[in-house]
Amino acid sequence: MPLGLAGLATSTFLLGIALILQSPASMGPYLTQALMFGGLVEILAGMWAFAFGDPLAATSFTFLGGFFGWWALSHMTVLGVHAATAVAMSGMATTFIVSGVVTLYLWIASFYEFAAFNLVLLFLWICFGLTESPCSRALA
């Protein structure tokens, strides 16, 4: 569980700071971090939590790892083509809203888990609500 919590915390913090302070042209390192640490490592942490017998952590880490991986891939430039142009901004907003709702019910389900896990899900849910609009506009 510590690896999953570290991945969620650092990915959310770094992407939030990057969206506030960086220009869209300098997002490369943050997107790579979101893809590898927020996406791939989160999915691995979810699979390890499943093998350990913790279905809530497995669901949370795998779902959120998929979200961060999707977000990073949808904003990367590959072979000169910016992938965000293929993603409709209304579709991105819908994905943030749905991911926020799923994170909300994962947070409610985590009331009997560790306090750190509960708080990370709470702050991530708040982050989805607060950054949906800036994310959609900043990287368009």
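Readers should treat all values here as calculations from the given coordinates under stated rules, not as data from a laboratory. Model, not experiment: these values are computed from the prediction. Methodologically, a virtual Cβ is constructed for each residue, glycine included, from the backbone with ideal geometry; neighbour enumeration extends over all protein chains shown.
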> What percentage of all Cα-Cα pairs in region 4-46 are separated by more than 14 Å?
Replying inline: 43 percent
>> Test of understanding: what is the full-extension gain from Phe50 to Val98, defined as 0.36 nm times their sequence separation minus their Cα-Cα distance?
In response: 15.0 nm
> What distance in nm separates the simple spin-label points at Leu40 and Ala109, each placed 7 Å from Cα in the Cβ direction?
Replying inline: 2.7 nm
>> Give me the extension gain from Ile126 to Thr10: residue separation times 0.36 nm, minus the current Cα-Cα distance, reported in nm with one decimal.
In response: 40.2 nm
